[in-house]
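One structure is given here, and the rest of the page talks about it.
The values are calculated or read from the model by the stated rules, or taken from the named source; none is laboratory data. Since this is a predicted model, take the numbers as computed values, not measurements. Methodologically, a virtual Cβ is constructed for each residue, glycine included, from the backbone with ideal geometry; neighbour enumeration extends over all protein chains shown.
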Amino acid sequence: MHVEMPDPSQVHTVPELISALRALRAGRSYAELGKAANPGDRPKEGLPSSTLSDLLNKGRASRETLEVFLRACAVPREQWRAWQEARERALTADASGTAGLIRVAQADPRRLGVHAAIDAPGATGDLPAYILRDTDTAPRGVRDLLAKAARRGGMVVLVGESSVGKSRCAYEAIGAVLPHWWLLHPADSGQVRQVAEQVTGRLVVWLDELQRYLGGSAGLSAATVRVLLQAGAVLIATVWPERYTAYTAMPGPGQPDLYAAERELLDLADVVHLRGSFSPAESERAEAVAASGDQRIALALRSGDYGLTQIIAAAPQLVDRWRGADPYAAAVLNAAIDATRLGAVSPLSPDLLRAAAPGYCDVRQRAAAPPDWFETALAYASGTLNGAAAALAPVAGSTIMGQITGYQVADYLQQHAGQQRHLAEVPRTCWEALVDHLTDPGDQTRVAHAAQHRLLYQHARALYRHAIRSGNRQATGLLATLMVGQGRTDDALALWRAQAGAGEGSARTMLAGLLDEQNRAGRELARRQADAGTGGRVAAVRMAGLLVAQGRPQDAPALWRAWADAGHLAAARSPERLDTEVTADDLAEMLMTALDIKSPHTRRHSERISRLAAMIGDEMGMRPDALEAVRLAGLFHDIGKLAVPGTVLNKGGALTQEEYALIQSHTSCGVSIVAGLVELFDDLLEPAARIVLTDASLEGILHHHERFDGRGYPRGLAGREIPESARVIAVADVFDAVATGRAYRSARSIEAALEVMSQEAGASFDPQMVAAFLSIADSRCDQLELLFSPKPVRNDRKKPM
């Protein structure tokens with residue numbers, strides 16, 4: 001009797017799979033199936049009763065078991081693939097109840113982030129033919145890793161520059177390996193966590209531009225990824241090389257571990273690096289595809305200035321669009337590029353771009369601007385190039401169809417032009433536009449921090465306040481720290497009180513810490529005032545420093561004048577110097593007194609850095625004025641920590657991103673504190689004391705955490721872009737950090753510290769500065785040993801009651 005063969009294309013669920021497999025069985029007993037699966041000339045593969053029971057009653061079957069069953073049922077081999085696809089559909093059917101999921105095979109590559117392709121005469125379809133990459137077929141390549149992940153759960157990360165084909169490679173890989181799995185393209189990390197709580201079927205989580213899902217307390221965590229992997233999910237992600245390097249690099253000597261959470265997550269992943277240029281084998285495949293008639297590939301191969309994938313994604317046209325823009329279009333584009341590099345992630349509104357653009361034009365260009373200058377410029381910037389990407393891509397809101405709400409700079413253009421402009425001054429109109437038109441609190445906080453790093457405190461304060469009104473907790477701490485650094489401690493206290501009153505626990509901690517510091521400084525000041533007139537100039541200097549520590553620097557000049565009028569200041573050391581004049585050493589001792597109240601350890605560290613920096617400067621043959629600037633910059637390099645909350649400054653464990661941002665602010669706060677004190681004492685300063693106002697001193701304070709390879713802060717300067725004084729202090733700073741230890745790391749020997757410096761030469765530090773220090777270590781080792789020999793903690797004040 002003829003038995004009709006079931007159609008595997010009609011199988012979509014587990015019950016349907018069970019029914020179809022029973023139909024294939026056609027009444028055969030388990031013993032008959034086992035015998036048919038193992039003909040005499042074939043090694044025993046086996047279909048034990050338990051396996052057949054799981055297969056025919058529960059639909060449970062591995063790919064290998066299903067193939068043995070199909071052979072036993074005499075199903076032709078050419079039909080096996082259709083049955084395997086039926087199995088995949090059935091086993092993934094349970095996930096269909098999760099919102100937002102579609103089958104991988106039904107996914108739209110453009111919505112997943114695959115770049116639009118250039119247009120070419122005769123081209124058809126949305127995308128050109130896919131050129132098989134070497135990693136697609138290589139052992140431990142992307143498809144091999146996906147296949148392994150499909151069996152036990154796994155995460156695959158593709159690392160590559162913008163427009164090198166990461167997203168297309170990932171899309172083609174999941175389509176080839178997991179076409180019937182469910183696909184989630186999450187809006188944010190919160191959606192990933194929600195799915196992790198309920199995932200039951202075979203799921204691919206698509207994390208294009210992985211950095212969008214990382215960072216902060218709400219970022220995607222390794223714990224969430226482990227839950228997904230345990231459930232058998234596959235995660236596939238893409239990321240730029242510089243971000244991957246930042247996430248995975250161990251922190252430098254003396255640096256906090258900012259990316260510990262990101263590194264823990266990436267440790268769970270298999271990583272594939274995708275080159276920007278094609279290999280010879282890939283080029284041969286591209287030539288074959290072009291010869292077969294793909295016009296886009298043929299057009300891309302005719303250009304030699306960019307990689308093939310970048311040509312396809314219109315990278316040359318994007319750069320040419322930027323370089324060839326008229327003054328008004330260039331103004332709009334540069335405003336968008338600058339806003340993005342300053343930290344704006346959300347789409348930029350037309351109002352923001354219109355307000356920012358005038359500062360990028362000169363007076364003649366502004367006078368000659370036609371009435372429709374902005375509309376024409378925006379049309380030029382947002383026009384698609386060869387049917388592909390636009391320099392400024394229009395973006396709609398999440399619930400609005402057909403209405404543009406903002407614009408985003410094309411990834412490749414931002415990467416290229418942002419690097420070209422990383423030292424360019426951002427015009428005032430751009431800053432004002434960012435203050436007036438940014439609405440996302442995260443954008444406002446990031447841009448405010450960038451403004452603070454550029455010493456644009458007015459813009460920073462305004463942006464922080466906007467972010468605080470939107471509920472951004474990080475902005476509160478950053479603004480309060482900025483206020484303390486500017487001597488506006490009462491304003492900072494008011495800010496913390498308001499947050500504490502709203503029930504914010506961390507605000508109560510910060511408020512208590514700041515009040516405690518004020519009280520300690522106040523008690524010491526009261527003790528010294530009781531002995532007024534008995535300490536001479538030294539006492540006056542230290543009392544002025546206590547006023548700084550108490551958050552009252554504006555009262556210090558009046559105290560100085562009062563002591564001078566009362567005759568309490570000791571005679572000047574030089575006949576040419578008036579008793580009332582404030583010297584550079586006076587200012588230095590004021591600030592060190594304040595720092596001693598905050599952190600005696602940091603004071604001693606600063607004094608050692610000053611001596612080490614002077615030794616390096618001397619070894620480098622610096623001029624006397626430059627040497628003095630370096631000495632003072634070394635002494636003041638950490639003075640900004642006066643403004644950093646003590647709970648953060650003295651934390652022994654890993655810092656959160658929010659806490660690290662507060663630590664980073666000490667460089668700009670340091671400039672504010674030093675410059676502010678000099679301004680307060682302006683008419684009392686002796687001429688020589690104005691050395692602290694030189695660019696070399698203030699630049700040394702601001703930039704001493706830059707890295708020679710460009711991965712430092714606050715500006716990401718590299719090489720000789722970093723001021724000389726800052727390069728000197730960076731070397732001295734790390735030597736002291738390693739040789740003396742920190743709260744989170746024990747001290748090491750001088751030899752070990754020198755080894756760390758040697759290893760980091762050219763990466764963290766200027767090799768010439770390192771060579772100078774090594775020479776010092778060789779010729780003045782006795783001075784170093786004396787400087788770092790154990791000493792009792794200096795304490796010339798009574799303990800507070």
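What the table below lists for this structure:
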item: Residue match in the stretch 218-231 (condition: part of a helix (DSSP H, G or I) and touching an Asp or Glu at 6+ places or on another chain (Cβ under 6 Å)); result: yes
item: Check on Glu589, in the same structural domain as Asp683 (by TED's automatic domain parsing), of a type outside the set (Ser, Thr, Tyr) and modelled with pLDDT under 90; result: no
item: Residues that are of a type in the set (Lys, Arg) and under 21 Å from Ser167 (Cα atoms), drawn from the stretch 277-311; result: Arg285, Arg296
item: Among (1) modelled with pLDDT of 90 or more; (2) surrounded by 19 or more Cβ atoms within 10 Å (Cβ to Cβ); (3) in contact with a Lys or Arg (Cβ under 8 Å, 6 or more places away or on another chain), the one test that Leu235 misses; result: (3)
item: Boolean, Gly175 is touching a residue at least 60 places away in the same chain (Cβ under 8 Å) and either crowded, with 23+ Cβ neighbours inside 10 Å or touching an Asp or Glu at 6+ places or on another chain (Cβ under 8 Å) (or both); result: no
item: Glu432 vs. criteria out of contact with any Lys or Arg (no Cβ under 8 Å at 6 or more places or on another chain), surrounded by 15 or more Cβ atoms within 10 Å (Cβ to Cβ) and among the charged types (D, E, K, R); result: yes
item: Residue identified as over 25 Å from the mean Cα position of the chain (by Cα), surrounded by 18 or more Cβ atoms within 10 Å (Cβ to Cβ) and either closer than 21 Å to Trp240 by Cβ or in the same structural domain as Ala357 (by TED's automatic domain parsing) (or both) among Tyr380, Tyr407; result: Tyr380
item: Residue match in the stretch 662-675 (condition: assigned by TED's automatic domain parsing to the domain that holds Asp565, part of a helix (DSSP H, G or I), among the hydrophobic types (A, V, I, L, M, F, W, C) and over 20 Å from Ala448 (Cα atoms)); result: yes
item: Any hit, the stretch 347-370, residues being closer than 27 Å to Ser167 by Cβ and of a type outside the set (A, V, I, L, M, F, W, C); result: yes
item: From Ala290, Ala261, Ala218, Ala286, residue being of a type outside the set (Phe, Trp, Tyr), free of Cβ contacts under 8 Å to residues at least 40 places away in the same chain, surrounded by 20 or more Cβ atoms within 10 Å (Cβ to Cβ) and over 28 Å from Leu91 (Cα atoms); result: Ala290
item: Subset of the stretch 89-105 (residues that are under 24 Å from Val164 (Cα atoms) and either at pLDDT below 75 or out of contact with any Phe, Trp or Tyr (no Cβ under 6 Å at 6 or more places or on another chain) (or both)); result: Ala105
item: Residue check for Leu158: touching a Lys or Arg at 6+ places or on another chain (Cβ under 6 Å) and aliphatic (A, V, I, L, M); result: yes
item: Residue match in the stretch 704-727 (condition: surrounded by 15 or more Cβ atoms within 10 Å (Cβ to Cβ), at pLDDT 95 or above and touching a strand residue (DSSP E or B) at 6+ places or on another chain (Cβ under 9 Å)); result: yes
item: Candidates Ser779, Ser758 - the one that is among the polar types (S, T, N, Q), out of contact with any helix residue (DSSP H, G or I) (no Cβ under 7 Å at 6 or more places or on another chain) and at pLDDT 80 or above; result: Ser779
item: Where a residue in the stretch 17-33 is in the same structural domain as Leu55 (by TED's automatic domain parsing) and exposed (fewer than 12 other Cβ atoms within 10 Å of the Cβ) and its partner, wherever it lies, is in a helix (DSSP H, G or I) and of a type outside the set (A, V, I, L, M, F, W, C), with Cβ under 9 Å and at least six apart; result: Ala31/Ser49
item: Residues within the stretch 363-394 that are assigned to a loop (DSSP other than H, G, I, E, B) and either touching a helix residue (DSSP H, G or I) at 6+ places or on another chain (Cβ under 6 Å) or over 18 Å from Asp351 (Cβ atoms) (or both), tallied; result: 9
item: All positions within the stretch 294-331 that are free of Cβ contacts under 8 Å to residues at least 24 places away in the same chain and part of a loop (DSSP other than H, G, I, E, B); result: Arg302, Ser303, Gly304, Asp305, Tyr306, Gly324
item: Residues of the stretch 58-70 satisfying the condition of being in a helix (DSSP H, G or I) and modelled with pLDDT under 85; result: Lys58, Arg63, Glu64
item: Residues (surrounded by fewer than 23 Cβ atoms within 10 Å (Cβ to Cβ) and not in a loop (DSSP other than H, G, I, E, B)) located in the stretch 576-586; result: Ala584, Asp585, Asp586
item: Residues that are within 20 Å of Lys166 (Cα to Cα) and out of contact with any Phe, Trp or Tyr (no Cβ under 6 Å at 6 or more places or on another chain), drawn from the stretch 237-265; result: Ala237, Thr238, Val239, Trp240, Pro241, Glu242, Arg243, Tyr244, Thr245, Ala246, Thr248, Leu265
item: Filter result (farther than 30 Å from Asp490 by Cβ, part of a helix (DSSP H, G or I) and among the aliphatic types (A, V, I, L, M)) within the stretch 595-643; result: Ile609, Leu612, Ala613, Ala614, Met615, Ile616, Ala626, Leu627, Ala629, Val630
item: Complete set of residues in the stretch 326-349 that are more than 30 Å from Gly215 (Cβ to Cβ), touching a helix residue (DSSP H, G or I) at 6+ places or on another chain (Cβ under 6 Å) and either among the basic types (Lys, Arg) or surrounded by fewer than 19 Cβ atoms within 10 Å (Cβ to Cβ) (or both); result: Pro327
item: Odd one out for Gln230, checked against (1) under 30 Å from Ala390 (Cβ atoms); (2) over 22 Å from the mean Cα position of the chain (by Cα); (3) polar (S, T, N, Q); result: (1)
item: Residue in the stretch 474-485 that is small (Gly, Ala, Ser), within 29 Å of Val541 (Cα to Cα) and in contact (Cβ under 8 Å) with a residue 12 or more places away in the chain present; result: yes
